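See below for the structure under consideration.
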């Protein structure tokens with residue numbers, strides 16, 4: 001049997017060599033840190049919004065969106081905020097919730113279009129509305145091994161509880177269980193004697209409604225990420241991303257980023273992954289539809305089942321009413337609704353940067369470059385051309401990501417593969433807007449599970465390919481460290 005994973009890894013190496021010149025062109029290679037680079041204060045190019053920075057800083061449309069599309073954007077905002085109800089209901093355009101779910105709307109996870117957070121305590125002290133656990137198991141037979149090898153599936157769902165743990169359910173159906181987090185303090189001493197306590201989480205599932213989890217179940221916690229700039233990331237040319245891949249670390253810089261290759265449900269073939277913490281989705285349409293299906297239990301043309309993540313081991317779940325309606329294309333969220341949502345998620349604008357010419361910010365930028373952070377957090381790209389989205393096309397953008405997978409060390413490992421990503425790899429997250437997290441979401445929890453309580457803790461959790469950069473920060477003077485953080489807060 002041909003293993004498409006192996007073929008793609010070979011092709012990515014070829015693209016990496018062939019695209020060396022393009023790689024150099026994509027990277028911001030400035031050596032002048034005395035002043036900002038041209039356009040740097042507008043990270044999304046002409047789509048950057050310049051409005052007042054308050055709790056709505058992540059909720060504005062692309063600044064260059066046409067008036068007509070701004071109206072469509074508002075319709076999409078309504079879909080994003082829609083509170084779904086269980087079936088049957090007199091409001092057929094809003095029924096179909098569940099039967100199992102993690103939240104009743106997109107907004108309940110992506111708070112103010114921004115970042116979710118871990119719960120303040122375990123159930124019943126608090127609930128995990130903007131965070132959940134992904135579930136999967138290793139392949140158990142030859143058929144499952146062949147399915148993963150074909151690239152048509154990225155994981156094998158847990159046989160009883162499915163692809164993620166849903167801690168809410170409609171009336172008459174049991175919630176699957178509760179995520180339980182235990183934190184252990186882990187001190188790190190910096191070169192200047194400062195001690196930073198990192199919190200190391202351990203995850204378990206309690207109150208399981210349908211018996212124990214499979215003994216080989218792999219858990220992966222996920223906090224909802226911010227929604228800004230996604231349409232621009234979708235338009236970064238594939239060649240520009242592959243040009244930065246170096247899976248065999250041929251340049252010997254210790255960084256060996258590689259692309260994920262995932263199944264595209266629209267084209268029915270494997271393609272470059274861009275979205276999700278392990279780059280497990282190829283485009284926003286599939287990302288949106290998958291979230292509707294798994295997080296809220298809403299059916300779409302891409303996931304037409306009205307039963308969401310129910311499994312055969314949950315008979316009451318499979319017997320529950322659903323909202324699939326003939327007048328709504330036999331799904332719960334018809335194509336026009338999903339089209340409006342797609343426009344909305346593509347056009348949540350990145351806010352303009354602040355203090356780009358500040359001496360301390362520029363000093364921090366220099367340290368960001370000198371320590372090698374830009375090897376993964378690639379500063380800039382120019383988006384490709386999409387006739388349907390001329391306002392997002394040809395924009396010089398500054399997302400600070402390479403959209404590639406990197407081994408981040410044992411400390412951050414979830415030990416759960418997803419398509420080509422192994423259990424220690426994560427996609428480099430974009431950094432644009434990160435300095436506005438506290439303003440928008442009233443917290444500063446970072447990383448895929450919110451374990452880091454501030455940006456410094458997030459940096460200190462870096463290991464694996466980023467161990468050298470993490471150590472450089474550990475060895476910095478207090479003033480240099482503060483300058484680096486000032487730069488990050490300006491993004």
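The separation of segment 201-226 from segment 121-186, counted between C-alpha centres, amounts to 5 Å. Take every pair of alpha-carbon atoms less than 8 Å apart whose residues are at least six positions apart; their mean separation over the length of the chain yields a relative contact order of 23 percent. Mean projected area of the convex hull spanned by the Cα atoms of segment 62-197, taken over all viewing directions: 15.7 nm². Over the chain, DSSP H runs of length four or greater, each weighted -39,500 (n - 2.57), average out per residue to a 222 nm ellipticity of -7500 deg cm²/dmol. The alpha carbon radius of gyration of the chain, expressed as a multiple of 2.2 N^0.38 Å, is 0.95.
Of the peptides 94-101, 381-388, 220-227, 402-409, the order by per-residue mean of other Cβ atoms within 10 Å, starting with the highest, comes out as 94-101, 402-409, 220-227, 381-388.
Its relative contact order, with pairs defined as Cα atoms under 8 Å and 6+ residues apart, puts segment 96-135 at 36 percent. In terms of the mean number of neighbouring beta-carbon atoms within 10 Å, the peptides 120-131, 351-362 order highest first as 351-362, 120-131.
Ratio of alpha-carbon Rg to the 2.2 N^0.38 Å globular estimate for segment 77-155, to two decimals, please.
Normalised by 2.2 N^0.38 Å, the Cα Rg of segment 77-155 equals 1.50.
Any read-out appearing in this document is the output of simple, stated calculations on the displayed coordinates, not a laboratory observation. Only a predicted model underlies this, so the values are computations on that prediction, with no experimental measurement involved. Virtual Cβ from ideal backbone geometry, glycine too; neighbours counted across all protein chains shown.
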